[in-house]
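Below is one structure, written out as structure tokens; the observations come after it.
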Amino acid sequence: MRRNFQFIIHHSSFIILFHLAALGLTARLAHWPYLLVLIVLIAAIAPFNIYRHLVPPSPVRPVSPSLLSSLSSLLPIYAVTALRLAIALVARALCPSCSATLVVPEPFASILSFEWAAIFSLTLFIIHHSSFIIASAYQPRLATIALAALGLIWIAALYPRLIPAGVTAADPFAYVQMGIDLAAHGTPLHTFPLARLAFDFHLPVYPTLFVGYTIPRLPDGPSATVWPPGFSALLALAFKLAGERGLYWLNPVIACLSLAATYLLARCVFQLPPFFSVLAATLLLTSLEQTIRLSIPLADLATQLFTTLAIIAAFGPWKLEVGARKFEIWSSHTFRGPGLGLGVFSALAYLTRYTQLLLIPGLVIGRWLLVANDWRRAAGRWPRAKRLLFHSSLFHSSLFIVSFFIVALPDFAYRTVAFGSPFAFASGELAQFSLADVPAVTLRLLTDLAADFNVAVPFIIVGVIALLRRHHRLALALTLVLGPVILFHLPYHYLKLRDLLFIFPALCALAAFGAHAAVSSQWSDASGQKSGDSNHRSRFTLHAQRSLFIVHCSLFILLAFRFNAQLPFLDGFYTYGFLTAGQRAQIESIAALTPPDAIVAGSLNTGAVSLYAGRDTLRPGRLLQPGRNWSDDEFLAFVKAAGRPLYLLMDSEEMAAPAAALRARLTPIAELYLPYYYRDGSAANQLIPLYKVTLDEHLDQR
């Protein structure tokens, strides 16, 4: 007995010394104060030890963790320390002259982060000890609350940093301008003062418009954009409620609603437990593409939200009750049947992006697939069911059609005024569709999806397989809904991942479904229910619940990699159309640098100059929109006819040719730190000169 006790003492002492040495090495390499590391470790251990001494073990909380398992949660940070040390030693051996100290080269230094390893280890430590002091029945609920709380904290920390001070470029600015015009004038159409001058001199009108606006039908008439007006209506409402800041806060709010819709999709359609439904929403929260797109006012998130709600309205869990004189049919807790919800949300999805009209056949057919068997069973048990089902189907079909057309009616009126017909569309992008581009576009799309979902990809694959095996009708219904829209986009040469952002909630729900399938199959296979030993079943139940809690919480570690990818956003952010407060101030300064009647010629920043500096603008370049602009002679003719002070903002490669065509003296008056646009459509923030144009005398003689 004494020998065993001495062995335990020596064994425990060895474990403690090992951890102290490992923590000391980690603290030295990470440049952390060793005393602070010990204080944090003691602060993490103390509450659990105090609780275990105050509360005796019970059948609900049977045992305490051993010293070995207690500190095993620190192994992730030890692994990072060992890997960093090994990589640094190899790098130093390969290049002794590169550094006299142990330096971990990139990208290993960023991937093997001490900070995140410490967070992982501390999280695992708390999870492991919590599983021994929290009753098994409450552990899944605690994991759900913890995951939801983590998401809310991340939203509060990140989203305010993604709000732009202004917008520029093509569609981000155009949507904002449409929203302001709709709020101020009751129409998303915009009037361009310089367009009348181009009409009068029989010159192309397009350079006098913002990118994305169409040529007005009348010389003094307003111009429409090529984009649907649905999202601009939401922007107008936000502008009315919260002023200009409402324009930039709208998408973060919609992103939060999309997270809630993703939870409902996983809960109501995929019928997942609360934890895995929150996991689906968290996967969407940690999507880089989702995070980038919520920072600027584009219609992608609104399309995503309304598409997801339409799927929930169509495929939500309906129940059938058959009684002697009673037959009831209802949908989710929110919608009393699919007709109204399906009609409204599918119409809103259509108003934000016209291609979402392709969802409707799949929604209707998929709804029928999911309820057909239940209806047959009900009809077999109750003779009057067929007639009631027919009446119910007719009622909800009528409700769907009427609600869809009522919500979509303003769009028909808008296109009649803007384009002369309710069936006319302004987008010219169909010319960019080609079947020859399908293989390359598909490969690029799959690559981008794999990069964005990263650690969730295996769970998506497992989720697809599990859905096909367990709920093949739901799998077919979702394919019929999302498949046609995806297939329609594949021939589009310039397809971007954001164009298919509406499929992200379904993919996140599939990943959560796969995670749930993997976990549930593991415990169902080893359930031991065949054993007649009730004590064995009780012990297994406690062990399984605690282990399941640990597995649930271990998913936090996988999510941490996705959270880690978003950390740079906390220090600064830029994407297409995004203006920081400093950049907006630079554009506003143009009002002080130019007279009120000045014309500023530029490229994709001209919309922002008009909105924030209040100056009329031109776009004389010919690279970003070839074939729709002025020749050099036409540009000179317009400048001569305008007779107003002219300034050049050199914000793109395409501005070099107009500057040369003027044959004028360019006087630099400022350098502005703004987005600079390249021929391929990409942009980078850099100093851009603003020139005052002094026309040569011979210009009048050309």
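Annotations for the structure displayed:
- Length added when fully stretched, His185-Phe412, from 0.36 nm per residue minus Cα-Cα: 79.8 nm
- Rounded to the nearest 0.05, the FRET efficiency derived from the C-beta distance between Leu430 and Asp680 at R0 = 22 Å is 0.55.
- Relative contact order for the stretch 204-310, counting Cα pairs under 8 Å that sit 6 or more residues apart, in percent: 23
- Here the label points at Ala242 and Leu468, each 7 Å from Cα along the C-beta direction, are separated by 4.3 nm in the simple model.
- Chymotrypsin sites (Phe, Trp or Tyr not before Pro) lying in DSSP loop within the stretch 593-702, provided at most 15 other Cβ fall within 10 Å: Tyr678
- Cα gyration tensor shape of the stretch 604-653, rounded if a/c is under 1.5, else prolate or oblate by comparing a/b with b/c: oblate
- Relative contact order (%) - the stretch 578-677, alpha-carbon pairs under 8 angstrom, separation at least six: 32
- ³J(HN,Hα) computed for each position of the stretch 651-666 - Karplus, 6.51 cos²θ - 1.76 cosθ + 1.60, integer Hz, glycine/proline x: 9, 6, 4, 6, 7, 5, 5, x, 5, 5, 5, 5, 6, 10, 8, 9
- Cβ-derived FRET efficiency at R0 22 Å, Leu687 paired with Glu106, nearest 0.05: 0.20
- His493 exposes around 80 Å² of accessible area when a 1.4 Å probe is run over every protein chain in place.
The values are calculated or read from the model by the stated rules, or taken from the named source; none is laboratory data. Note that the coordinates shown come from a computational prediction; the quantities given were computed from them, not determined experimentally. Quick reminder, even Gly has a Cβ in these numbers, built from the backbone with ideal geometry, and neighbours come from all protein chains shown. Protein only, heavy atoms only, side chains kept; ligands, DNA and RNA dropped before computing areas. Shrake-Rupley method; radii C 1.70, N 1.55, O 1.52, S 1.80 Å.
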